[in-house]
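Here the structure comes first, spelled out in C-alpha cells, and everything after it is commentary.
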Amino acid sequence: MHLRSRSGLTEKSTTGTQACKMSVLRGKNILLGVSGGIAAYKTAALVRLLVKSGARVRVVMTPAARDFVTPLTLSTLSNNPVHWEFYSLEEGSEWNNHVEMGLWADLMIIAPATANTLSKMATGNCDNLLVACYLSAKCPVYFAPAMDLDMYKHPSTLESLESLKNFGNIVIPAAFGELASGLVGEGRMTEPEDIVSFIQKDIESRLPLRGKKILVTAGPTHEAIDPVRFIGNHSSGKMGFDIANEAASQGAQVVLVSGPVSLSADHPGIELVRVTSAQQMLEACQKHFPDCDAAVAAAAVADFRPVTAAPEKIKKDGATMEVMLEKTTDILAWMGTVKQDRFLVGFALETENEYGNAVSKIKKKNLDLIVLNSLRDQGSGFGHPTNKVTFIDRELRTEAMELKSKEAVARDLIAKIAAHYE
C-alpha cells in the first residue's frame, strides 16, 4: 500500500498534434564534407540548420574549401574542430583519424560536391581527408553537386554521378538558377534548407514502421482505497515510454496509454493518454486498439482492486483494516480476443517458473510475442534503467538477450515488430 494523493483524472497529451514536427535528424551523427567551390559559403547555414535539427555535426574540408569558408566559422557553428589535413600540425602533429570519423557518422553529406571531388569519390582517388572519410564511411552518403552548367553536363561528370548512385550514394539534384559564371541553368547547389528537407524526407520514406499505428501501455495503475490511499506497484513506466519513443522514431504513429508516472513524451509522433486506474486504462485501450496495427502491453496493470473505495479518508480507529478485493479486467487478454490480424506483444515479469508461465500467457492471451524478464535477474524489473529479457514468439522460438539499457531493449523489440511487416 502506498500513501500518495491521486487525482483519478485522464489527461490527453497534445504532443501528437504539435505543428512543429520533430526532425528525424535529432540525435544523428552527421559528417559534413565541404569541397572547394563557391557554394561552400552556404555550408555555414547548412551546419546551423543541422545543429538546430538536433544533430551532432562534424566537418571535414578539402584544403581548397578553406578559400571559400573558414574552418573557424564552421567549427564555431558545429561546436567541433574542423579538419582538412591528415595531420594537424597546429595541434602537435595529431593524426586526424579518417576511419574513426567515417565510422562515427550515421550519415555523411558532401556539399558542395565539385566535379573534382565527385570524380575522386567515383574512382577512389584518395588524396585528401574528405575522400578518405568518404571511403571509410559505412553509413548513407548524400551529396549535393555544385558546378557550372557545362561542367555539370559533361560526360565525365555524368559518369561520376552514375557511378556514385550505383554505389548506393544518394544525389541531391542540383538546382536550376543563376551560376557563378553568370550563366543560368542547372548546376547550382541546392539551398541549405532544401538539402535538410530532402534528407529528412528520404529518411522518413525508409522508416520501417511508416504508416503503422501502434498502441503502447506503460506504468502502473493505482486502485483507490480511499481519496488518499491506493493499491499499486513499483513500475516507473520507463520501459513503456522507451518502447513508444523507439516506435515513433521508426515512423509509427503511437498512442501511449500511461498510468500515473512522472515521465513525459515529447516526440510529436506520440499521443499520450494519461490514466490512473485499470478500468480507465481498459477504456482507453478499447477506444484506440481497433484503429491500431499492433499493440505492446508493457504496463504493470493491477490484478485486483478494492470492491468499494471509501468516499472519505479512512481513520486509524482500529489495529487492523480489511479491504475486500475483486479482479480487474485483463486488458491484454481482452486485446487477444479481438486482435484479428494485429500484432500483439505482452510482457511477463516472473519470479518463478519463468519460461513456463510466459509460454502459458502466449497461448491463453493469443500473443504473437512475449517479453519475459525475471526479478531474479540482477538489474531487471522495476526501478532499474536496465533490463534482461527473453523474446518468445507464438511458435515458441526463443531469443535470450544480455543485460541492456531499457532503450536498447526497446530497439530490439521494435525491430522485431518492424520485421513482421517486411
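The values are calculated or read from the model by the stated rules, or taken from the named source; none is laboratory data. These figures come from a predicted structure and were not determined experimentally. Every residue, glycine as well, gets a Cβ built from its backbone with ideal geometry; the counts of neighbours run over all protein chains shown. When the accessible area is computed, the model is the full protein with side chains, heavy atoms only, and any ligands, DNA or RNA have been set aside. Shrake-Rupley method; radii C 1.70, N 1.55, O 1.52, S 1.80 Å.
Below are the figures for this structure:
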item	result
Accessible area of region 138-260 belonging to carbon and sulfur atoms, whole % at 1.4 Å probe	52
Span from the region 82-134 Cα centroid across to the region 331-372 one, whole angstrom	50
Net length gained if the chain between Lys364 and Ala45 were fully extended (0.36 nm per residue, minus Cα distance)	109.1 nm
Projected label distance in nm at Lys327 and Arg210, using a 7 Å step from Cα toward the beta-carbon	4.5
Per-peptide average of other Cβ atoms within 10 Å, ordering 214-225, 135-146 highest first	214-225, 135-146
Global form of region 32-108, assessed from the alpha-carbon gyration tensor, a/c cut-off 1.5	oblate
Stokes-Einstein D (µm²/s) once Rh is taken as the Kirkwood radius of region 304-363 over alpha-carbon pairs, at 4 °C in 1.567 mPa s	85
Probe 1.4 Å, accessible area per residue of region 68-153, Å²	45
Magnitude of the charge dipole, the chain, Cβ model with Lys/Arg +1 and Asp/Glu -1, debye to 20	1120
Solvent-accessible area of Arg58 with every protein chain in place, 1.4 Å probe, in Å² to the nearest 10	50
Label-point separation in nm, Tyr421 to Thr398, each point 7 Å along Cα→Cβ	3.0
Extension gain (nm, one decimal) between Asn97 and Arg376, 0.36 nm per residue minus Cα-Cα	96.0 nm
Peptides ranked, highest mean first, by Cβ atoms within 10 Å: ranges 275-281, 412-418	275-281, 412-418
Normalised contact order of region 56-112, rounded percent, pairs of Cα under 8 Å and 6 or more residues apart	28
Sparse-neighbour loop sites [trypsin sites (Lys or Arg not before Pro); region 173-272; at most 15 other C-beta within 10 Å; DSSP]	Arg210
Radius 12 Å from Cβ of Thr62, net charge of other residues (Lys, Arg +1; Asp, Glu -1)	-1
Percent accessible area from carbon and sulfur atoms, region 296-378, protein chains only, probe 1.4 Å	49
Cα gyration tensor category, rounded, prolate or oblate, for region 85-210 with a/c compared to 1.5	oblate
Inter-site label distance for Thr73 and Ala175 at 7 Å from Cα along Cβ, in nm	1.7
Separation of alpha-carbon centers, region 135-189 and region 218-284, rounded to whole Å	48
Mean Cα-pair separation over length for the chain, i.e. relative contact order, pairs under 8 Å, 6 or more apart, %	14
Cβ-defined net charge surrounding Lys327, 12 Å radius [Lys, Arg +1; Asp, Glu -1]	-3
20 Å Cα-Cα threshold exceeded, pairs from Lys212/Lys416; Lys213/Lys406; Lys42/Lys120; Lys287/Lys339; Lys138/Lys404	Lys213/Lys406; Lys42/Lys120; Lys138/Lys404
14 Å Cα-Cα reach of Lys363 towards aspartates and glutamates, excluding residues that sit fewer than 8 places from it in its own chain	Asp393, Glu395
Largest-first ordering by accessible area, 1.4 Å probe, given options Thr398, Thr117	Thr398, Thr117
Total formal charge among the other residues, if their Cβ is under 12 angstrom from that of Met281, Lys/Arg +1 and Asp/Glu -1	0
Three-way shape call for region 149-193 based on the alpha-carbon gyration tensor, with the a/c threshold at 1.5	oblate
Residue-normalised accessible area of region 183-328, expressed per residue, 1.4 Å probe, Å²	44
Heavy-atom accessible area ranking, 1.4 Å probe, most first, across Val301, Val82	Val301, Val82
Computed E for Ser119/Ser262 - FRET, C-beta separation, R0 56 angstrom, nearest 0.05	0.50
Probe 1.4 Å, all protein chains present, accessible-area order of Leu72, Leu103, Leu77, largest first	Leu72, Leu103, Leu77
